[in-house]
Every structure is written in C-alpha cells, then in structure tokens.
Amino acid sequence: MTSSIIEIEQLNFKYSQQAEFLFKDFNFRIENHEWVAIIGHNGSGKSTLARLIDGLLQPQSGTITVDQQKLNVENIWEIRQKIGMVFQNPENQFVGANVAEDVAFGLENQAVPYDLMHQRVRAALQRVNMLQFADQEPVNLSGGQKQRVALAGVIALQPKVIILDEATSMLDPEGRRDVIQLIHELKMQHDFTIISITHDIDEAALADRVVVLDDGKIIESAPPEQVFAHGKELVSLGLAVPFSEKIKAALTQRHVKVPAQYYTEQRMVDWICQSISKM
Amino acid sequence: MDLSINFKNVTYIYQPATPFAHRALSDVSFSIPEHSYTAVIGHTGSGKSTLIQHLNGLLRPTSGELTVNDQLITTTTTNKELVKLRRQVGVVFQFPEAQLFEETVLKDIAFAPKNFGATPAEAEKIARKTAELVQLPASVLEQSPFELSGGQMRRVAIAGILAMQPQILVLDEPTAGLDPRGHQEIMELFAQLKQQQDLTVILVTHQMDDVALYADQVIVLEEGKIMAQQTPRKLFSRPEWLHKHHLDLPHAAKLAFAIQQQSNFKFKELPLTEDQLADQLAKWLPKEGSSN
C-alpha cells in the first residue's frame, strides 16, 4: 500500500432527485499530510465530494478508503473520528455556551475523561490563539474568531484529516486573512492532511496541490503556480484568478510582452519596476 | 418628487433603557442623491445593516429623522404610513434565497406584486418580465426554486424584490457565497438595471474592487459613526488613512502604490481597476515582437 490517506476508486454518485450522475467512474487520491485545495464553480461537486469522504452521502458504487479502511456502514463512525469538518457559516456550528465548552463538545461525545479533555481543549485553543477567550460567549466573538473556535473543536478531536468547506467564504476580509494565516500555521506543523474547498485564491495558493473540479471531473491537479498560470482557462470555468494574472491579461490586450509563467503579486511588481527602468 | 435620501442626526439604540442597550448608529447625518450608486463600507458591527434597515422603515430612529423619497421617518412613524415607501425601496438582504418559499419560481417572484394589489394575471406578467430581466431561463419558471443551483436561487430571490418595481435598490452583500462568475454576473446585472431603470443603488460590501468598479460615492462607517463620504478615487488615494481604519485598497490601487514605492514611476491618476492600471503602464513596458 502507498501512503495515501484517502483513495477514491471508480466512484459513481448521483443525487436521488437528479437524472444525471455527478461523479462517473471517479478516481482521486490524497497523500498523507498533503494539503489539497479543491476549486470549482458552484455545483461542480466540491462539497459533494467532501460529504462522500465523510460518509454523509453514500455513493451508488465504488470505494472510498480512508486511512487504509474501506468506508462502509459498519465502520462509518470510526472513520468519521478521523475526519474533522469546518463548514461555511460560523453561526451554524457554535453549540457551547462559551468558547471552552464549544471546543469540549466533540470530546464529551467521545466520553474523553475530564482531565484529558481539559488539557486537549486548552491545547487546541492555544493552537488557534483563542485561549484568552476561553470563557467568552459566542456573541462576543467576530466571525473569524468563531471559525477559529470551530477549528479548535476539530483539532481537539485529533483527526487525521481536516476538511475546510468554504470555511472563510462568509468572513469579512480581516476575518478571512486571520483564518487563512491560521491554516497556514497549521500546515507548517504538518500534523494533518488538509482538504480545503474554496473560492478564495489566497487560500488555494497555500496548498501543495490545487485540484480543479468541473461537473464532477478533475480538469487539473497540480501545484498552485502551475494551475494559476492558466488564467484564461480558469476564468472560462467561472473561477477566480490571482490579481497578477488579471494584470497580465490586461497588459497582453495592450500588446505588452508579459512573462509566461505564474508570478505572485510581489514578483509582478518587481517585473514591472525592472521593465520600466529598462525602457 | 424628490427621490433622494437624507439622514438628519439619526441615532439608533438596540434595547434602549436596558443593561443590554447598544448604540448602533450615533448622530448620523448624510445625503444620497437620486440615481446615484453609493457603497457603504465598514467592519462587521460598524452599523451598516442597522443603517440600511432605516431606508424602508424596518427600523425607526431612536432619535433624529430621515427622509426617503419625500417620506419622513421618525421615531413615531407607523407601519401604515410606510406602505407606499416599502414598494419604492427594495432591499436584498444577505442570503436572500433563505426567504424563498413558493412552489414554483414564477409564483415566488409574483408574490410581492400580488401582495401590493396586482391581479394574479398582472402579477404573473410582471414576474415573467422580471425573470427575463435577471436572465433566468424560461425553462426554470415552473420548477421549484429549491431545485435550482445557488446562483439561480439568488437570481429568483433578487427577481422577487425587483418585481415590486422599486426606485431605490438596497443590496446587503448580494453576492456573498457565490462563485466568482456568479459574483460578476450579479454585479453586472445590478449595474445594467441601474442604467436601464435609473435606479438609486445602495450597496453594502467588503469588496473594494466592487466599490472601485461600480460606486460613484462611498460612505465609511465605524462604530456607528460616519468616518468619510467621498468618491472612491479620493478615498483610495489615502492608503495610510485606510490602513488606520483597517480597510483594504482595491487590488489595482495596492499594486500601483507598490510600484510607486519601488520605482520612480509616477501614476498620473490613481488606477482603481486592472484596466486603468494597464492603460497607464502599457507604453512603458516591452511590446510583443521586441527583443527584450
């Protein structure tokens, strides 16, 4: 066996009310400790894929293997303990009366002993920089802070895989930056496999690999800089492109000879400044 | 009729005279001219939503007063006095598809005109016209709105508001949660509608690129007070001020400032969009077919 943490083979899935299959003979794998960003327009199948991996939806046929275990009705609860999910709306996933209780909720469900639970809650809050808010009520928190608490709740359960399902899309720009910074830090520590489903190009840029999904098919699967270099194709798929690619397109329209490879915004500024001084 | 909006010393306090009293708007005065496109920006909790809920009298000032389309709204204005105004001011709240409820798309859009006294036949006619306006394909009109994609559900909800044929359109983050294409299509739709029907548009947003593209004036709110009211170009020309107030620049302006800092290049006019940026830079950059 390889080191794949998630392996999907010959998966077929359709929603009962729909005639067409969304996924047809779909294959996909994610390596252990890999960070994968899945991008695609609304309805491309991103969230459906996350729900299939977590066993919230059942495929018509095919296998999903999580951490060497084939997902089935018997082991679904065991497998769900290996996967933590953070959803889009910070208001919908706060269940505790205060921050610490909210983080403890999942541990209580798993009957973790009190002392250990206390330790894990504190450690998880520490990791998301929310320890000083442990006694606060949710009304006192911003959207970004609530999402950090949601992430702490997931981390406390020590899953192997964390799925972020558009976890930053309802936050204001500061909250979004804040959460993206946090997931960047988590990534540096390499403890988890992370799947982030997102429209946010800054979030996708942090991943090891970007997977472009379109109507249940993988169109591209490559490091971010390689995917982002295809600005035009991304736009035609209804996806966002990094601003540096938008500038390149606007300059190309004006017959400027732009660099072919993907540049970050800073490299784009460098290139423009150097080119101007040469003229 | 004067279609402008005028706030005069408006203060709004949630749960006044209780320990939970919270002052959401503090002595706010400003005007919005008719047929303008105004962006309202500020952080979560700055008072944006409270402010827009005054525009059709969903909230009435705790003190102060405002006029919208010549209708005076004070602390004591009754719902009955506001019936006419509520037809003239269409508010698209965040995630408006949460308010869909009818069996079919057509019925959902026809609900408001019917409610405001149109006959079923008239209401259906308006609904069909409005569905076309928001570019919903005719094939979905008899479907349940709940079977549609997120982007189409949003269009149905927006059509429901437009079917009231409002003169003022208030948009509270109307594209939140949509994918980039959905975002662009809906924003372009509002820009077109404003043109065609000469609407007054008020947009609450966090996206500075949209402020730059669409708005002709910006109102900045912070802790219930107005910090600035000016054109986007003036506002975005003050990066230090924006930074101090934790507000972003449009992407193009940010890049322009970075270029100016790192080189001797000076932009004649601050670019707010990628086209404006490319226009000013193009002649200084190597052309296709040149050797370097």
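The values are calculated or read from the model by the stated rules, or taken from the named source; none is laboratory data. As the structure is a prediction and not an experimental result, all values here were calculated from the model. Cβ atoms come from the backbone with ideal geometry, glycine included; neighbour counts cover every protein chain shown. When the accessible area is computed, the model is the full protein with side chains, heavy atoms only, and any ligands, DNA or RNA have been set aside. Shrake-Rupley method; radii C 1.70, N 1.55, O 1.52, S 1.80 Å.
For the pair B:Gln262 and B:Glu147 in one chain, pulling the backbone fully straight at 0.36 nm per residue adds 36.2 nm over the alpha carbon distance. Over region B:42-85, the Kirkwood radius and the radius of gyration, each from Cα atoms, give a ratio Rg/Rh of 1.00.
The number of Lys pairs in chain A with C-alpha atoms less than 17 Å apart, excluding pairs fewer than 8 positions apart on the same chain, is 16. Cα extents for chain A along the principal axes, largest to smallest and rounded to whole angstrom: 70, 47, 37. Averaging 1/r across all pairs of distinct Cα atoms in chain B and inverting the result yields a Kirkwood radius of 20.8 Å. Taking amide H positions as modeled 1.01 Å from N, with prolines and chain starts lacking one, the residues under 5 Å from B:Leu171 and 5 or more places away or on another chain are B:Val92, B:Ile202, B:Leu203, B:Val204. Each of B:Met227, B:Met153 has its accessible area taken with a 1.4 Å probe; listed largest first, they run B:Met227, B:Met153. Under 5 Å from the amide H of A:Ile38 lie the amide H atoms of A:Ser196, A:Ile197, A:Thr198, A:Val211, each residue being 5 or more positions distant or on a separate chain, with H modelled from the backbone and absent for Pro and chain starts.
Relative to the longest principal axis of the Cα atoms of chain B, the long axis of helix B:105-115 makes an angle of roughly 60 degrees.
Count the net charge of all other residues whose Cβ sits under 11 Å from the Cβ of A:Ala167, scoring Lys and Arg as +1 and Asp and Glu as -1. With Lys, Arg at +1 and Asp, Glu at -1, the net is -1. The radius of gyration of the Cα set in region A:25-134, together with its Dmax, comes out at 16.6, 48 angstrom.
In this view, the solvent-accessible surface of B:Lys266, computed with a 1.4 Å probe and all protein chains in place, comes to about 150 Å². In the assembled protein chains, A:Lys14 presents an accessible area of approximately 50 Å² (probe radius 1.4 Å).
With K and R counted +1 and D and E -1, the other residues having a Cβ less than 10 Å from that of A:Thr65 yield a net charge of -1. Among the GluC sites (Glu not before Pro) found in region A:76-116, not one is both in a DSSP coil and sparsely packed, with 10 or fewer other Cβ atoms within 10 Å of its Cβ. Expressed as a whole percentage, what fraction of the accessible surface of region B:250-292 belongs to carbon and sulfur atoms when a 1.4 Å probe is rolled over the protein heavy atoms? Heavy-atom surface of region B:250-292 belonging to carbon and sulfur, 1.4 Å probe: 48 percent. Excluding ligands, DNA and RNA, the accessible surface per residue across region B:195-247 is 48 Å² with a 1.4 Å probe.
Under the simplified labelling scheme, the A:Lys257-A:His118 pair shows an inter-label distance of 7.0 nm, with each label point 7 Å from Cα along Cα→Cβ.
Applying both filters, DSSP loop and at most 14 other Cβ atoms within 10 Å, to the GluC sites (Glu not before Pro) of region B:53-145 gives B:Glu103, B:Glu142. The long axis of helix A:173-189 is offset from the longest Cα principal axis of chain A by roughly 70 degrees.
Our note on the geometry: Cα centres of region B:25-65 and region B:247-292, 35 Å apart.
Put simply, chains B and A cover up around 3300 Å² of each other's accessible surface, both sides summed, when a 1.4 Å probe is used. Solvent-accessible surface (1.4 Å probe) assigned to A:Met117 amounts to roughly 20 Å².
Tell me the angle of helix B:251-262 to the major Cα principal axis of chain B, expressed in degrees between 0 and 90 and rounded to the nearest ten. Taking Cα atoms only, the helix is inclined about 20 degrees.
Using only DSSP helix segments of four residues or longer, with each worth -39500 (n - 2.57), what per-residue ellipticity at 222 nm results for chain A after dividing by its residue count and rounding to 500?
That calculation yields -11500 deg cm²/dmol at 222 nm.
For the protein assembly as shown, the calculated P(r), taken from all Cα-Cα distances in 20 Å bins from zero up to the bin holding the longest distance, is 18, 49, 31, 2 percent. Once both labels are modelled 7 Å past Cα along the beta-carbon direction, what's the B:Phe116-B:Leu72 spacing in nm? Inter-label distance under the simple model: 2.5 nm. Note on exposure: A:Trp35, A:Trp77, B:Trp284 ranked by accessible area (1.4 Å probe, complete protein assembly) read A:Trp77, B:Trp284, A:Trp35, with the most exposed listed first.
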